[in-house]
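Q: This is the structure I want to talk about, given as structure tokens.
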Amino acid sequence: MSESFIKIDIFCHVVDNLGDIGVCWRFCRALVRDQGCYVRLFVDDFDAFAKIEPMLDKTRDIQHIEGVEVFRWDHAVIDLHYNASADAVIEAFACDLPEKVVGLMTLAPRPPVWLDLEYMSAEPWIDTHHAVVSPHPTLPLTKTLFFPGFTEKSGGLTREAGLIERRQAFQADMAAQNAWRASVGLPSRVTGVIDISLFCYAVSPVEALLQAFVGTGETVRFMVPAGVATAPLTRFLGQKPEPGTVVRHGNIIFHNITFLTQDDYDRLLWSCDLNFVRGEDSLVRAVWAGNPLVWDIYKQDQAAHMPKLKAFQDHFWGGLAPVDREILDFFSVMWNEGGRQDENIPAAGLLECLPRLQDYARRRSLEQAAQDDLATRLVGFILREMKKQG
Amino acid sequence: MKFAQDLRSGNVVTMNGNLLLVTKAEFSKSGRNASVMKFKFRNLKTGSPSEGIYKTDEKFEDVQLEHKEVKYSYADGDNFVFMDAEYNQFEVSKDFMEDALKYLEEEMPCEIVMYEGKPLSIEIPVKVVREVIYTEPAVKGDTSGKVMKPARLQTGFEVAVPAFIEIGEKIEIDTRTDEYVSRAKVA
């Protein structure tokens, strides 16, 4: 707990998928639990939010969940209830703040620290762009773009206090893993059977990937949350993957489960041998899981995501033995650029190197966790800026 | 008003009552098709430098200053000399033209920006054609344009180009983003 009791307003505009609210919600909880901040979270899509936070009551405009004061972000609620700025105002992922909020910031005797929580990246330019206090072009305020990242000079990554210790304890306790698995409808761990979690975008070459694992002859179990890759899985399995069902296709088995809460998704990542993850939030959680991972990055125009993907591969897997790196890079590119059925996908090679990848991922996860997390860095920045203002 | 993404080295903006010259504009692609600009400014009154990071759709109040068409002539120490059609010479300090140095070549047409009757900075064309003087060998068969590699220009500045580009080829570059546009059309 820091000495601060700073008040922070966070605005989250859900554009698509669950990444925006996923990142924000985890971050808000860390600010409250670990940093002792008072956080008001404004979200414009309660349907998306409810998918990852079952405690959310979609009928209520204002409510407290896990210490965070949650507001429905719509014009009427802002008009009625937003009457003063907090110490810091954060627009998540460059969403535009409501006019009333900006107006109050301008009028505040001590203007709030205005931050734009940006997209995470492992690219080197993040280090020179992060936390540069910039005068607003037209208002008497400053605004700072805060870039989460993997280096000491970046904004860091969200990691709650004690996360790594909890993960290590869980991974060392097979009974705990199996008990948790049973609670979400997953089978116990079996020696010699590979468990893979699958979370990907709709455009990912799922069928090519699955066919490649069929070709290995190894028993592989896929753990798939509801709503993920429904169309390709339906084509591949010949039936829709309904939550709670188990479908066998030769040597591979599908365990279709309900969409998990953030804490349960963590446990899934902790208890699988390999994690296919998508977007920003689940990548970071997979890093903390310390297990091998393949990242399905958010696709951008003009393939702008590919340098970001490469930067992550270089940063996280940079010290891997070349032969293992080559296999992992193959999957990374294939998974993000699209694969074909006739491509020679080295699935057997991937399974063979999993133990080495796991040793490496555990080490890198701990190295990454030696850095301060995003919430710590952000609160430190806010306190410094508040001090400057007197 | 101008969007941040349209501001270039040589533009002048007003912020909090200060006139700021853009001396460097750096474009970076962020997440979900968003982009950011990093600017280096120089205060026209005090000469002090500053910098700022902005979303590309942030709006700035730009100041229209007098422009003259000139061509780059030669370097004189830390100053760069430009000449107009009437052979008038204009000197611009290196401190005021960071970005332009990436593409500056003799006889390069550009516009000199005048402030209170004095040459202040230069604006270079949005697109320029430059020869690649060094790059790694071309990758045979890769015509997708997705795989990029660095290519060095005469000025020493490096641009990311598709893997099929070879030494000696002329390429078109967008000077606002420092991005490769295409192979230059042969006249």
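Q: Read through the list (1) more than 14 Å from chain B (Cβ to nearest Cβ); (2) crowded, with 16+ Cβ neighbours inside 10 Å; (3) under 23 Å from A:PHE213 (Cα atoms); (4) touching a helix residue (DSSP H, G or I) at 6+ places or on another chain (Cβ under 8 Å), then give the number of the only condition that A:PHE330 fails.
A: A:PHE330 satisfies all of (1) more than 14 Å from chain B (Cβ to nearest Cβ); (2) crowded, with 16+ Cβ neighbours inside 10 Å; (3) under 23 Å from A:PHE213 (Cα atoms); (4) touching a helix residue (DSSP H, G or I) at 6+ places or on another chain (Cβ under 8 Å) except (4).
Q: Here's something else I'd like to know. Can you tell me which condition A:ARG60 does not meet? The list is (1) touching a Leu at 6+ places or on another chain (Cβ under 7 Å); (2) under 25 Å from A:THR261 (Cα atoms); (3) surrounded by fewer than 18 Cβ atoms within 10 Å (Cβ to Cβ), and all the others hold.
A: (1)
Q: Just name the residue that is surrounded by the fewest Cβ atoms within 10 Å (Cβ to Cβ) out of those in the range A:21-40 that are free of Cβ contacts under 8 Å to residues at least 60 places away in the same chain and more than 19 Å from A:PRO54 (Cβ to Cβ).
A: A:GLY36
Q: Counting only residues that are closer than 23 Å to A:GLN168 by Cβ, give me the helices (runs of 4 or more DSSP H) lying completely in the range A:314-390 with at least 2 of them.
A: The qualifying helices (runs of 4 or more DSSP H) are A:347-369, A:374-389.
Q: Pick from B:VAL92, B:VAL128: which is under 23 Å from B:LEU19 (Cβ atoms), surrounded by 14 or more Cβ atoms within 10 Å (Cβ to Cβ), under 21 Å from the mean Cα position of the chain (by Cα) and among the aliphatic types (A, V, I, L, M)?
A: After ruling out the rest, the residue left standing is B:VAL92.
Q: Do we find that B:SER73 is farther than 24 Å from B:PHE27 by Cβ and within 14 Å of chain A (Cβ to nearest Cβ) in this structure?
A: The answer is no for B:SER73.
Q: Looking at the range B:13-26 only, could you name the residues that are more than 7 Å from chain A (Cβ to nearest Cβ) and more than 17 Å from B:TYR115 (Cα to Cα)?
A: If the condition is that a residue be more than 7 Å from chain A (Cβ to nearest Cβ) and more than 17 Å from B:TYR115 (Cα to Cα), then B:LYS24, B:ALA25, B:GLU26 are the ones that fit.
Residue-wise test of (1) crowded, with 21+ Cβ neighbours inside 10 Å; (2) within 14 Å of chain B (Cβ to nearest Cβ).
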residue	(1), (2)
A:GLU326	no, no
A:MET334	no, yes
A:LEU354	no, no
A:LEU357	yes, no
A:TYR360	yes, no
A:ARG363	no, no
A:ALA369	no, no
A:ASP373	yes, no
A:LEU378	yes, no
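Q: When the residues of the range A:296-313 are filtered to those that are more than 7 Å from every other protein chain (Cβ to nearest Cβ) and touching a residue at least 40 places away in the same chain (Cβ under 8 Å), which remaining residue is farthest from A:THR151 (Cα to Cα)?
A: A:LYS299
Q: Let me ask something else about it. Any idea which of (1) touching a residue at least 60 places away in the same chain (Cβ under 8 Å); (2) surrounded by 14 or more Cβ atoms within 10 Å (Cβ to Cβ); (3) in contact with a Pro (Cβ under 8 Å, 6 or more places away or on another chain) is the one B:GLU61 doesn't satisfy?
A: The number of the failed condition is (2).
Q: Another question, if that's okay. Is there any pair with a first residue in the range B:27-38 that is within 7 Å of chain A (Cβ to nearest Cβ) and surrounded by 22 or more Cβ atoms within 10 Å (Cβ to Cβ) and a second that is aromatic (Phe, Trp, Tyr) and not in a loop (DSSP other than H, G, I, E, B) whose Cβ atoms are under 8 Å apart and which are 6 or more apart or on different chains, and what are they?
A: Within 8 Å, the pairs are B:VAL36/B:PHE27; B:VAL36/B:TYR54.
Q: So which residues in the range A:63-86 are surrounded by 12 or more Cβ atoms within 10 Å (Cβ to Cβ), touching a helix residue (DSSP H, G or I) at 6+ places or on another chain (Cβ under 8 Å) and of a type in the set (D, E, K, R)?
A: If the condition is that a residue be surrounded by 12 or more Cβ atoms within 10 Å (Cβ to Cβ), touching a helix residue (DSSP H, G or I) at 6+ places or on another chain (Cβ under 8 Å) and of a type in the set (D, E, K, R), then A:GLU66, A:ARG72 are the ones that fit.
Q: Would you list the strands (runs of 3 or more DSSP E) that sit entirely within the range A:74-174 and hold 1 or more residues that are in contact with a Ser or Thr (Cβ under 9 Å, 6 or more places away or on another chain) and more than 13 Å from chain B (Cβ to nearest Cβ)?
A: A:113-117
Q: Look at the range B:1-12 and say how many of its residues are at the interface with another protein chain (Cβ under 9 Å from one of its Cβ atoms) and either surrounded by 22 or more Cβ atoms within 10 Å (Cβ to Cβ) or polar (S, T, N, Q) (or both).
A: 1
Every number in this text was worked out from the coordinates using simple rules, so none of it is lab data. Just so we're clear, the structure is a prediction, and the values are computed from it rather than from any experiment. With ideal geometry, Cβ positions are generated from the backbone for all residues, glycine too; neighbour counts draw on all protein chains shown.
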